[in-house]
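Only the coordinates and a few stated rules stand behind these numbers; no lab work does. Model, not experiment: these values are computed from the prediction. In this analysis, Cβ positions are derived from the backbone assuming ideal geometry, glycine residues included, and neighbour counts consider all displayed protein chains.
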Amino acid sequence: MKKVFITRVIPEKGLELLKEAGIEVNMWTQKRPLTPQELIDYCSQNDALLSVSTKIDAAFLNASKHLKVIALHSAGYDNVDVEEASRLKIPVGNTPGVLSAATADTAFLLMLACSRKAFYMHKQIQKGAWDFFEPTANLGIELYGKTLGIFGLGRIGMEMAKRCKGAYNMQIIYHNRAHNEQAEKELGAVKVPFEALLKKSDVLSVHAALSLSTREIFNLEAFSRMKTEAIFINTARGGMHNERDLKTALDQGMIWGAGLDVTNPEPMAADDPLLDRPNVCILPHIGSATRETRDAMSVLAAQNIIAGLKGERLPHAVNPEIYDL
Ligand code: DGY
């Protein structure tokens, strides 16, 4: 019987699929991350790894060369040394597509909440500060007809763009390496250089993958080129922005507000001053956290494990080049 080790508790849907395929499931159920050595030790007794939020580096891969497949329970694979996995001919799979709508909903939620200072207002009531109605107090900003700038217009960015176009008839500009023809045709989106994205966006929403070239691309210099009325939204990876610089940019009024579902580092400290700012809304990396989406992710991850253990091509491989080696 083939065995899979799973690094966190995943939804039943995925577990059922694995069991129906005759695979023995060994799941880490403790509410703390595995140490690197524990991960190696557990994997040494299994044929496959289903990994949730776990760092897969070269040291781990070289100690676990026997693994037939590594399936991630995420679309992002920035925490995996994919190059090394490919060198060792270990297929790595992810869960693209199924989380686009839920993640875009989170970006949209943060944009709207931030524009009306919603999280801060909630805290004000809890503090007993809802007293005297003033027409000039608690003012947010409206989104109708504003410009949405998307950094990385792929599947999630497209869902965010559709929501913003539909709800507020926003103009869509984006910065990508390649043209997104569907977005240009369906939403009138316009591809612009990075500099123009910074200068023209009223809302700048990050949807790109974290890589060496995008790490902390949103730094003080970038924020200083944005509109003073702009809202910065990041639901991609905390590593895309420099958080100290974001605080400075907000303190100095370089931008108006920020909505983050990902922070740098994660988790964010409970006393982080960003949490007290009126124009900032922060969530604990829940972009894909709906029942439907997490079920679908667990199914895709299980399908990758099943295919990998049969020696078949993964339905969603992030390193398909290994099949051509
Ligand atoms: C993803 O799938 O990349 C989500 O951010 C969950 O980690």
With the crude spin-label approximation of a point 7 Å out along Cα→Cβ, what separation in nm comes out for GLU229 versus THR136? 1.9 nm
What do you get for trypsin sites (Lys or Arg not before Pro) in the stretch 237-325 restricted to DSSP loop and a cutoff of at most 15 other Cβ within 10 Å of the site's Cβ? LYS310, ARG313
Using a 10 Å cut-off around each Cβ, can you sort VAL25, VAL69 from fewest to most neighbouring Cβ atoms? VAL25, VAL69
Can you give me the C-alpha center-to-center distance between the stretch 158-180 and the stretch 246-298, rounded to a whole angstrom? 21 Å
Loop-located chymotrypsin sites (Phe, Trp or Tyr not before Pro) in the stretch 209-297, at most 13 other Cβ atoms within 10 Å (DSSP): none
Residues in the stretch 4-20, backbone N under 14 Å from the label point at GLU38 (7 Å along the Cα-to-beta-carbon vector): list them, ranges by number please. 6-9
Take the Cβ-Cβ distance between GLU84 and ALA129 as r, set R0 to 41 Å, and report the resulting FRET efficiency rounded to the nearest 0.05. 0.15
How large is the helix-only mean residue ellipticity at 222 nm for the chain, computed as the sum of -39500 (n - 2.57) over DSSP H runs with n ≥ 4, divided by its residue count, in deg cm²/dmol to the nearest 500? -10500 deg cm²/dmol
Where the only charges are on Cβ atoms (+1 Lys, Arg; -1 Asp, Glu), what is the dipole of the stretch 1-60 about its Cα centre, to the nearest 20 debye? 180 debye
Work out the FRET efficiency for ASP251 and LYS185 from their Cβ-Cβ distance, taking R0 = 45 Å, and round it to the nearest 0.05. 0.65
Any trypsin sites (Lys or Arg not before Pro) in the stretch 69-123 that lie in a DSSP loop and have at most 15 other Cβ atoms within 10 Å would be LYS89
Counting pairs of alpha carbon atoms under 8 Å apart in space and at least six apart in sequence, what relative contact order in percent does the stretch 100-282 give? 25 percent
Distance between modelled label sites at LYS55 and LYS199, nm, 7 Å Cα→Cβ extension: 4.0 nm
Output for the chain (equivalent-ellipsoid semi-axes, sqrt of 5λ from the C-alpha gyration tensor, Å, descending) is 38, 22, 18
Given LYS2/LYS65; LYS19/LYS89; LYS165/LYS200; LYS31/LYS247; LYS123/LYS199, which pairs have Cα atoms separated by over 22 Å? LYS19/LYS89; LYS31/LYS247; LYS123/LYS199
